[in-house]
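Worksheet: one structure, shown below.
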Amino acid sequence: MDLGEGLRKAIARLSGAAVIDSKVIREFNKELQKALISADVEIELVFALTKRIEEAAMKSKMPDGVSHRDYITNLVYEELRRLMGESYEPEIKPKKILLAGIYGSGKTTTAAKLAKFYQDRGLGVGLICCDVSRPAAYEQLETLAKQANAGFFGMKGEKDVAKIVREGMAALKGKKVIICDSSGRSGMDEELIKELKLINNQFKPDEKLLVINADIGQVAGRQAAEFDKAIRLSGVVVTKLDGSGKGGGALSAVNAASIRVMFTGTGEKLNALELYDSKKFVGRLLGIPDLESLILHVNEAVKSSGMKAEDVNIEELNFESFYKQMKAMAKMGPMKNVLGMIGLVDVPKEALESGEAKLKKYENIISSMTREERMSERLVRDPKRIARIARGSGTTEKDVKDLLADFNKMKKMADMLKNNRDVKRNMAKFMPGMGI
């Protein structure tokens, strides 16, 4: 059970309570403590948080018209935000960024994600490879730099990090943002500290970011403190937050160490980097919809997929537009993250996996259709065409028929919505400028 699931189950038990008394609050706090401790949040922090919730619940009067569940949920929300730290908003201006971290933290991928982040905001970015200890680090960063459409500099085989930085800054002189990826180690040792200080003195970064894997939980606080002592950190990037049950422990521990969380990594793709926002993070844990992030992801997916107005127009639904919409959806990241943004956080894992597999299968089927078939669903009803499409896509005839059935359901729904002005207005909000 992850932290969010544990928190939501604890809150759900309050729904049947006739009154909120000390006994109910203490029982609730026990469940809350179990959820937080299982997520590797430090015990002292957990007890302090639940004590504050108990005191607030017993001292304050519940407002009229507010359910017990909503009242306690709000208390938990505010205390968790306090536990997880402040949100972050960067200055979009020229800067030099040094990344540090141990092996397996996702540092090199984060370098490319940050490059894309600033590139998307109009700043040209260059990446310097100063990881002189890990085999293939040069090749990995060079490949990722191309994917992010960023500049790259490295000196394969060179061990002098000061020289690499010096020549890298000269080569990338025209770039507004320069990101330096340093070496990692299995732990914080004297060799790593010496190397980081050499880079720091030569590079003179405006920001020094530590990249931490969410899986390490509360150890993140101690790790952040050690790096901060060595090079004086500006903040932390917590990666792999999407799949870690210890993410809450990592975030709370970093905050307790008085170091700011600046970004979070929520997947492997280059767009899976988010500004840290404690409101959104805690909101997703509690199942509160995050429509702002959903709209942002939709717009980014539409932009990067090259979709046009007719591709999202509910009055012109065909396999061609359906295919483009599926490809755009794939760019939004794992289905679990997308559903979490609209508050659907407890969808069974099996259902998520089968849903993603079905979408992938449907994409293969549509790829095997001719242009005419994509534009006219009636043509695909022909048994001979169904057989040919199934062979071409490596699926079965039943799979093709399932696609037809699901597509027809979507068309019927689209027909119902054609004359609904509210729906069109809301779609326009989600996809501004698409002419809907």
For a Förster distance of 22 Å, can you work out the FRET efficiency between the beta-carbons of GLU142 and LYS204, rounded to the nearest 0.05? 0.35
Would you mind getting me the FRET efficiency between LYS93 and ARG134? Use the beta-carbon distance for r and R0 = 41 Å, nearest 0.05. 0.85
Once the Cβ-Cβ distance between VAL19 and ARG222 is put in as r, and R0 is 41 Å, what FRET efficiency do you end up with, to the nearest 0.05? 0.45
For region 178-194, Karplus-derived ³J(HN,Hα) couplings (6.51, -1.76, 1.60; θ = phi - 60°; whole Hz; x for glycine and proline) come out as 10, 10, 10, 9, 9, 6, x, 9, 6, x, 6, 10, 5, 5, 5, 4, 4
Here the residues of region 127-150 lying in the modelled label zone of ALA162, meaning backbone nitrogen under 20 Å from a point 7 Å along Cα-to-Cβ, are 128-133
A 29 angstrom limit on the alpha carbon distance is what I want to check against. Which of LYS96/LYS246; LYS34/LYS107; LYS95/LYS279; LYS175/LYS324 exceed it? LYS96/LYS246; LYS34/LYS107; LYS175/LYS324
What is the Å³ per residue value for the convex hull set by the Cα atoms of region 242-285? 77 Å³
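Read-outs throughout are calculated quantities, based only on the coordinates presented, and are distinct from any laboratory measurement. Please read all numbers here as calculations on a predicted model, not as lab measurements. With ideal geometry, Cβ positions are generated from the backbone for all residues, glycine too; neighbour counts draw on all protein chains shown.
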